[in-house]
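Shown next, in structure tokens, is the structure this report addresses.
The values are calculated or read from the model by the stated rules, or taken from the named source; none is laboratory data. All values reported here derive from a predicted model rather than from experimental measurement. All Cβ positions, even for glycine, are placed from backbone atoms using ideal geometry, and neighbour counts span all protein chains on display.
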Amino acid sequence: MERDELHTLLRLIGVLDQPATATVRDELLTQLADQPTAVAIDISGLRVAEPAVLGLFAEVVEEAAEWPTGRPLLSYRPVGDRDLARLGADLPPARRLSAELAPVVGAARAARELITEGCTRWGLRQLTDSACLAVTELVNNVVVHARTRMTVRLAWRAGALRLAVRDYSTRHPNPVGPAPPTSPGGRGLLLIESAVRRWGATGLTDGKVVWAVLYPQDEPALG
């Protein structure tokens, strides 16, 4: 793996067969979740036992496409400087923010401060309330249920505000309805559905990513 401020390059070598596809998929998604930069996946040095196994790479790219990182670049030829430059342009540092948080009571407040900073910086004030609502629920779910450290990422890319919370519990969110008023999470994951265009969860080798996407046109403009 090669990494700098703007991009990460993952090179896969060896032989890929059907029994290994699930392991490779989960490991790639974990690598993507832990990189703040755009990622290129170079499989030019990979040998495949059968063509069908290559489908896993398209699945990985599609799964991570909504995350607050640059869209992953899958390359069947050696990745060159021009490819990496294009990746860096897709999501420069000025359009992404992140914070490492502990599973403590003040975590949601720190996540809301990150959201407010990003929305203000990128001229997306109309998304602040909805994004803060969503991130509060996601972070509180980690505090109450996962109880692990977490990374909150936020990015403005391709006309959408993208946020994600990565934790280290394999327990997935389960939207079973509103929570009691005394619950630290507030109203349950149904609130997220009311606040964002899309959201979902992806399992990793050592935890998960829960992500959400918001669009400015879904909220009234502020004067």
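Observations on the structure shown:
- Scanning the stretch 20-37 for residues that are of a type in the set (Gly, Ala, Ser) and either in contact with a His (Cβ under 6 Å, 6 or more places away or on another chain) or more than 15 Å from residue 68 (Cβ to Cβ) (or both) yields 20, 22.
- Residues of the stretch 156-197 classified as at pLDDT below 95, among the hydrophobic types (A, V, I, L, M, F, W, C) and not in a loop (DSSP other than H, G, I, E, B), total: 4
- Which numbered condition residue 119 fails, given (1) modelled with pLDDT of 90 or more; (2) surrounded by fewer than 16 Cβ atoms within 10 Å (Cβ to Cβ): (2)
- Selection of the stretch 45-74 for residues being over 28 Å from residue 157 (Cα atoms) and of a type in the set (Gly, Ala, Ser) yields 45, 49, 52.
Residues are listed down the side, and each one gets a yes or a no for (1) surrounded by 15 or more Cβ atoms within 10 Å (Cβ to Cβ); (2) more than 23 Å from residue 206 (Cβ to Cβ); (3) touching a residue at least 60 places away in the same chain (Cβ under 8 Å):
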site: 31; (1), (2), (3): yes, no, no
site: 47; (1), (2), (3): no, yes, no
site: 53; (1), (2), (3): yes, yes, no
site: 75; (1), (2), (3): yes, yes, no
site: 99; (1), (2), (3): yes, no, no
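- Taken over the stretch 85-118, residues that are under 16 Å from the mean Cα position of the chain (by Cα), farther than 14 Å from residue 151 by Cα and among the aliphatic types (A, V, I, L, M) amount to 1.
- Some residue of the stretch 130-152 being modelled with pLDDT under 90, assigned by TED's automatic domain parsing to the domain that holds residue 110 and over 21 Å from residue 26 (Cβ atoms): no
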